[in-house]
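Okay, structure first, notes after.
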Amino acid sequence: MHLDKNHLRRQLRQARKSLTGYRRDRQQQRIRHFLTAIPQVRHARRIAAYLPFDGEPDLLPFMRRVESKIWLPMIRSDWHLDFRPTCKLNALARRPINARRNRFGILESQRLPILRSAQMDVILMPLVGFDHHGNRLGMGAGFYDRSLVGLRRPRPALIGIAFDCQQTASVPVDPWDVPLDYIVTNRGIIKTNHNQARKPE
């Protein structure tokens, strides 16, 4: 199963990275548009987001509009995630303020306080791949799965963010994998078996 996951990971990361120029920009605009149609996102007080890495869809224009609600992940020494208030997003293209790169080269906010996953209203999660059941294929380190397993309901809304080229017929599932409530792509909001999501009209 892990070999299957590794093969899918290579294939789908390449598909994600192959999107460039106008095509990528247009698809990212559509992702951000559909994202704002989800009621949990509109009404959230705390939204855990991410800074794009390795070809992930860029949510920065959306994040700037709701900057006071945005929290960014930080990797703890036990490889779980906590969340900090966002760094200055407008400065990211130049010299980041209140941020530094972690061991993987990903920017992390250095601001306080530090909150846990259960304290978020929405968690936006980048994907390497996904299927229509809401199963998510990540980069392989398991940060989100470790941080989300065992959360009691009402838990944060778990929303995967991806380009439609990252969809596959079936993602191999391990017992510790945490399924998503919504998946937002440039094609719309995908209905999963875990939430009655629908594509906006």
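The values are calculated or read from the model by the stated rules, or taken from the named source; none is laboratory data. In this text the structure is predicted, and so the values were computed from the model without any measurement. A quick note on method: Cβ atoms are made from the backbone with ideal geometry, for glycine too, and the neighbour counts reach across all protein chains shown.
Screening segment 40-54 for residues that are in contact (Cβ under 8 Å) with a residue 60 or more places away in the chain and assigned to a loop (DSSP other than H, G, I, E, B) and picking the one that is surrounded by the most Cβ atoms within 10 Å (Cβ to Cβ) gives ALA49. When ASN135 is tested against (1) surrounded by 22 or more Cβ atoms within 10 Å (Cβ to Cβ); (2) in contact with a strand residue (DSSP E or B) (Cβ under 8 Å, 6 or more places away or on another chain), only condition (2) is not met. When PRO96 is tested against (1) assigned to a helix (DSSP H, G or I); (2) at pLDDT below 95, only condition (1) is not met. Scanning segment 173-186 for residues that are buried (at least 16 other Cβ atoms within 10 Å of the Cβ) and assigned to a loop (DSSP other than H, G, I, E, B) returns ASP177, VAL178, PRO179, LEU180, ASP181, ASN186. Of all residues in segment 102-127, which are outside any strand (DSSP E or B), among the hydrophobic types (A, V, I, L, M, F, W, C) and either farther than 12 Å from PRO85 by Cβ or in contact (Cβ under 8 Å) with a residue 60 or more places away in the chain (or both)? Across segment 102-127, the qualifying residues are PHE104, ILE106, ALA118, MET120, LEU127.
Here LEU19 clears all of (1) of a type outside the set (Gly, Ala, Ser); (2) assigned to a helix (DSSP H, G or I); (3) over 24 Å from ARG116 (Cα atoms) except the condition numbered (2). Considering only residues in segment 142-166 that are within 14 Å of the chain's Cα centre (by Cα) and of a type in the set (Gly, Ala, Ser), the one that is nearest to LEU19 (Cα to Cα) turns out to be ALA162.
Summed over segment 67-86, the residues that are outside any strand (DSSP E or B), surrounded by fewer than 21 Cβ atoms within 10 Å (Cβ to Cβ) and at pLDDT below 95 give a count of 7. In segment 61-90, the residues that are without any contact (Cβ under 8 Å) to a residue 60 or more places away in the chain form Cβ pairs under 7 Å with partners that are part of a helix (DSSP H, G or I) and of a type in the set (Asp, Glu), at six or more places apart or across chains, as follows: THR86/GLU67; LEU89/GLU67.
The number of residues in segment 25-39 that are touching a Phe, Trp or Tyr at 6+ places or on another chain (Cβ under 8 Å) and assigned to a helix (DSSP H, G or I) comes to 4.
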